[in-house]
Each structure stands twice: as structure tokens, then as C-alpha cells.
1. I'd like the full set of residues that are hydrophobic (A, V, I, L, M, F, W, C) and modelled with pLDDT of 50 or more, limited to region 1-41.
2. Pull up region 45-86, narrow it to residues that are in contact with a strand residue (DSSP E or B) (Cβ under 8 Å, 6 or more places away or on another chain) and acidic (Asp, Glu), then point me to the one that is farthest from Ala138 (Cα to Cα).
3. How many residues are surrounded by 14 or more Cβ atoms within 10 Å (Cβ to Cβ) and under 21 Å from Pro108 (Cα atoms) if we restrict to region 52-81?
4. Is it the case, given these coordinates, that Lys96 is surrounded by 15 or more Cβ atoms within 10 Å (Cβ to Cβ), at negative phi and touching a Pro at 6+ places or on another chain (Cβ under 7 Å)?
Amino acid sequence: MKKRIVFSALMLLSGLLCLSPLNASAGSPRLVDLGNGICKDLETGLMWQKRKSHKFYTEEEAQKYVKSLRFGGYSDWRLPTKKERWDLLHVFLLNKQGNCILKSLGLPYWTTNTDKGTMPMRFEIACYCRDDQVMSYAHYGFVRAVRRDTPEKKRRV
């Protein structure tokens, strides 16, 4: 019985320690809703499409989708990299999304620069304190397009 109480107390303490980075880094938001269906990451300069595509796509369909996307006054949308997708997930885990609401982050989305090329990937983080990362691959996925907001890439539609 005593061991169970000590174990429970240690588990509670480790849980609190796991959450402390989340609370400590809340600070100012990184994402800003631009009001045109786009959320901008103030740290990276990436602009994310708020709404995912309405259906699952094959890779060919996903590439066509982003190439033909004319959204928010921009035409240089693309599929995000694995690193960019992880970073976006971390923004939400750290509660730094500000007024941006990006629903369904845990679904499979088309992602470039994976260890298997361009694939739909589903990301999860089981415990932020250990940075347990869970990835699963699919054959079809949604698209949430991204673009970098830089002066040389401001191609208006």
C-alpha cells in the first residue's frame, strides 16, 4: 500500500514536471489569424491555410491542388515539410497558437521531406516532457498548404 502511494505521488510529480515547459513557454502567441483564411507564424514567416482540403487526395492530386491553389491573394502555395508540420504541432502543444484555430491537426496530411519521400503523415506527441513522437503513414491524405511570407515571394494573384 505504501509503495502504491509513493508510486502515485511520483507519477503525479513527474506529470507536473512534464507540463511545466508548456506553462513556462506560453508567453506571446506565434500564430496570427490574418482574417482571410490564413494563419501566419510570426517566428518562421510561414503562412498556413486554415482549412484543410475537403477530401483525401493521392500524391498526384495533392500536388495539383497546391499548384492550382489561388488563395488569400497568393499563388505560391506548396506542401509543407515534415519539419514544418512538427513545428506547427509544437506551437499548439505549447499553447502559442493565439487566435488561430486549425482543426484536425492529427489527421494524415501530405508532407514532403519524409524518410519515405512525399507521403501523408499523421503526427502525435504522446508525452511532451519526453518528446515522444508518433508518426504513421497513409496512402491518401488531406492537404493543408503553406507558403513563406517573404518579399521575393509575394506573388499576388
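The values are calculated or read from the model by the stated rules, or taken from the named source; none is laboratory data. Everything quoted here is computed from the prediction, not taken from an experiment. All Cβ positions, even for glycine, are placed from backbone atoms using ideal geometry, and neighbour counts span all protein chains on display.
1. Keep residues of region 1-41 that are hydrophobic (A, V, I, L, M, F, W, C), which gives 1, 5-7, 9-13, 16-19, 22, 24, 26, 31-32, 34, 38-39.
The answer is Met1, Ala26, Leu31, Val32, Leu34, Ile38, Cys39.
2. Asp76
3. 16
4. Yes, satisfied.
Conditions (1) touching a Lys or Arg at 6+ places or on another chain (Cβ under 7 Å); (2) modelled with pLDDT under 90; (3) closer than 30 Å to Gly27 by Cβ, marked per residue:
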position	(1), (2), (3)
Glu43	yes, no, yes
Gln63	no, no, no
Gly72	no, no, yes
Trp77	yes, no, yes
Phe92	no, yes, yes
Thr114	yes, yes, no
Tyr128	no, yes, yes
Ala145	yes, no, yes
